[in-house]
Every structure is written in C-alpha cells, then in structure tokens.
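Novice: Here it is: the structure, laid out below.
The values are calculated or read from the model by the stated rules, or taken from the named source; none is laboratory data. On a predicted model such as this, the values are computed, not experimentally measured, just so you know. We place every Cβ from the backbone using ideal geometry, glycine too, and count neighbours over all the protein chains shown.
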Amino acid sequence: MRLEEQIKNIADREQIPVVLKQHNLFNKVCEVGVNVGNQFRYYYSFNPEILVGVDLFKGKWGRKIKDLSVYMETIQKDCPKSILEKGISWKIANKYQDNYFDFVYIDANHKYKSIKKDLDAWFPKVKKGGVLAGHDYTARRGYGVIQAVTKFAAKYNCPVYLTTSGTLTQKPWKSWIIVV
Ligand SMILES: C[S@@+](CC[C@H](N)C(=O)[O-])C[C@H]1O[C@@H](n2cnc3c(N)ncnc32)[C@H](O)[C@@H]1O
C-alpha cells in the first residue's frame, strides 16, 4: 500500500514506526523533545540505524520531575547506540546535514513561535519522501501547534495527516504527519 494511504489510517503515534519500518523509513530517526525517554525507548526497540534524541535535559518538567538532567544518563544507558543532544532544538538541527533523516518527530516546546522554529529548522533535515511529524495537534493549553503546522503546510502545499486518535496513554492528543 502507498505510504500516504497507510498514514491516513494511523490510529495513534505508536503505529508510526510500524508503518515507516514497512517503507524502509525508520533508519535515521530523530525525536525532538525526549523528556524521560518513554517514546525514545520505544523508537529504540525498532533498532534504527541512527536514533537521535534532542532535549534541553535540564530543569523542572511538569509537576513531577524536579531535574530532567538526571534522565539523560539513564536514557543513554538503556539506549547505548543512540545519540542524545542537549540543547535548544532548532539550534541542534544545524548540526545535521539537509536530507539526512528518514523521520523526525517534533514534541518539544508547543508554543506557536517555538513550533514554527522547529518546523523551519527540521523540515530541511528530512529527506524527500521521508516523514516529519509531531505531537499535540491541539490549541488547548495555549498550544500553537495547529496554527504553526497549518501555516507551514499551506506554505509548502503539503497535506497534513492526523492520527485518528491520541496516544494509547493520552487519548485527546493527536499527532500530525507530513510526507516531505
Ligand atoms: C512533551 S515532552 C516530550 C515527551 C516525549 N516526546 C515522549 O513522548 O515521551 C517535551 C520535552 O521537550 C523539551 N523541550 C522543550 N523545549 C525545548 C527546546 N526548545 N529545545 C529542546 N528541548 C525542549 C522539554 O525539556 C521536555 O522534556
């Protein structure tokens, strides 16, 4: 089946690597916004050739995490072949060549200005025919994801696909998916 046809029917973000693997598009992968590494470990289990994780890896996160920096070490231990990049996501993008990744998943700062910067920075890093996606396609909590992704897709004239439901654990939060 064509990639786009399969993407249209993806229910939750956990299925994205399953579909991409079938199209040989899960070899060079980057997650932008790793946090404690839940999804990152899941990606690692698919054994990509290169898995990059980008995060500030510092400070408080939400109500529960007092210091995100301690998680970087445990994630690296659990995913020894992965590359963890500590820093501001759109700046880290400059370290990578254009057309490098098969797949980039954006899930860092969800404010409009930040998502826009991440889209501008990471889109060129995905090879033609690869996939750029991200989490939390919502305007709730003041998130600017819908606005930024919609404007970006209009500029490049590319369709935006949405997962048909949220994640397995966070039902309302859909992912957006663009084929580059
Ligand atoms: C929603 S969490 C990521 C969750 C992860 N993708 C998952 O599903 O398991 C967002 C993460 O983005 C990081 N972050 C926020 N703004 C960032 C930025 N400008 N650059 C790098 N990381 C950032 C935060 O430190 C936080 O860990």
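Novice: Can LYS125 be described as under 17 Å from LYS28 (Cβ atoms), at pLDDT 95 or above and among the basic types (Lys, Arg)? Don't jump to the end; show me each part of the working.
Specialist: Numbers: under 17 Å from LYS28 (Cβ atoms): yes; at pLDDT 95 or above: yes; among the basic types (Lys, Arg): yes.
When the stated conditions are applied, LYS125 passes them.
Novice: Of the conditions (1) under 21 Å from ASP12 (Cα atoms); (2) in contact with a Gly (Cβ under 8 Å, 6 or more places away or on another chain), VAL160 satisfies every one except a single condition; which number is it?
Specialist: Single failed check for VAL160: (2).
Novice: While we're here: Taking the stated definitions as given, is ASP136 touching a His at 6+ places or on another chain (Cβ under 6 Å) and either at pLDDT below 95 or in a strand (DSSP E or B) (or both)?
Specialist: Values: touching a His at 6+ places or on another chain (Cβ under 6 Å): yes; either at pLDDT below 95 or in a strand (DSSP E or B) (or both): yes.
Taking the combined requirement at face value, the residue satisfies it.
Novice: Could you please find all residues in the range 12-56 being away from the ligand (no atom under 13 Å from the Cβ) and closer than 18 Å to LEU162 by Cα?
Specialist: Selection gives GLN15, VAL18, VAL19, LEU20.
Novice: For the range 84-103, give me each residue that is aromatic (Phe, Trp, Tyr) and closer than 24 Å to VAL19 by Cβ.
Specialist: Listed by number, the residues that qualify are TYR96, TYR100, PHE101, PHE103.
Novice: Hey, can you tell me all the residues within the range 147-168 that are over 18 Å from VAL131 (Cβ atoms), among the polar types (S, T, N, Q) and at pLDDT below 95?
Specialist: SER165 - this is the single residue of the range 147-168 that is over 18 Å from VAL131 (Cβ atoms), among the polar types (S, T, N, Q) and at pLDDT below 95.
Novice: Still on this model: Can you tell me which residues in the range 103-116 are more than 8 Å from the ligand (Cβ to nearest atom) and free of Cβ contacts under 8 Å to residues at least 60 places away in the same chain? Full working, then the answer.
Specialist: Within the range 103-116, the subset more than 8 Å from the ligand (Cβ to nearest atom) is 103-104, 106, 111-113, 115-116.
Matches in the range 103-116: LYS111, TYR112, LYS113, ILE115, LYS116.
Condition check ((1) buried (at least 19 other Cβ atoms within 10 Å of the Cβ); (2) more than 17 Å from ARG13 (Cβ to Cβ); (3) among the aliphatic types (A, V, I, L, M)) across all residues:
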| position | (1), (2), (3) |
| --- | --- |
| GLY37 | yes, no, no |
| LYS81 | no, yes, no |
| ALA93 | yes, yes, yes |
| ALA121 | yes, yes, yes |
| GLY130 | yes, no, no |
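Novice: Look at the range 11-29 and say how many of its residues are buried (at least 17 other Cβ atoms within 10 Å of the Cβ), touching a Ser or Thr at 6+ places or on another chain (Cβ under 9 Å) and of a type outside the set (A, V, I, L, M, F, W, C).
Specialist: Selection size over the range 11-29: 4.
Novice: Something else about it: Please enumerate the residues belonging to the range 145-158 that are over 16 Å from TYR105 (Cα atoms) and surrounded by 12 or more Cβ atoms within 10 Å (Cβ to Cβ). Spell out the reasoning first.
Specialist: Going residue by residue through the range 145-158, those that are over 16 Å from TYR105 (Cα atoms) are 147, 150-151, 154-158.
GLN147, THR150, LYS151, CYS158 - these are the residues of the range 145-158 that are over 16 Å from TYR105 (Cα atoms) and surrounded by 12 or more Cβ atoms within 10 Å (Cβ to Cβ).
Novice: Enumerate the pairs (first residue in the range 45-57 and within 16 Å of ASN24 (Cα to Cα); second residue anywhere and not in a loop (DSSP other than H, G, I, E, B) and not hydrophobic (A, V, I, L, M, F, W, C)) with beta-carbon separation below 8 Å, excluding pairs fewer than 6 apart on the same chain, so at least 6 apart or on different chains.
Specialist: Cβ pairs passing all conditions: PHE46/PRO17; PHE46/LYS21; PRO48/LYS28; GLU49/LYS28; ILE50/LYS28; LEU51/GLU31; LEU51/TYR43; LEU51/TYR44.
Novice: I'm trying to understand the selection: among the residues of the range 73-105, which are out of contact with any Leu (no Cβ under 6 Å at 6 or more places or on another chain) and of a type in the set (A, V, I, L, M)? First the steps, then the outcome.
Specialist: So in the range 73-105, the residues out of contact with any Leu (no Cβ under 6 Å at 6 or more places or on another chain) come out as 73-75, 77-81, 83-101, 105.
Across the range 73-105, the qualifying residues are ILE75, ILE83, LEU84, ILE88, ILE92, ALA93.
Novice: Consider GLY87 against the criteria (1) free of Cβ contacts under 8 Å to residues at least 24 places away in the same chain; (2) within 12 Å of the ligand (Cβ to nearest atom); (3) closer than 24 Å to ASP98 by Cβ; (4) not acidic (Asp, Glu): it satisfies all of them except one. Which criterion is unmet?
Specialist: Only one criterion is unmet by GLY87, namely (1).
Novice: Determine which single condition LYS113 fails, assuming it passes every other condition in (1) of a type in the set (D, E, K, R); (2) farther than 20 Å from THR163 by Cα; (3) under 13 Å from the mean Cα position of the chain (by Cα).
Specialist: Evaluating LYS113 over (1) of a type in the set (D, E, K, R); (2) farther than 20 Å from THR163 by Cα; (3) under 13 Å from the mean Cα position of the chain (by Cα) leaves (3) as the failure.
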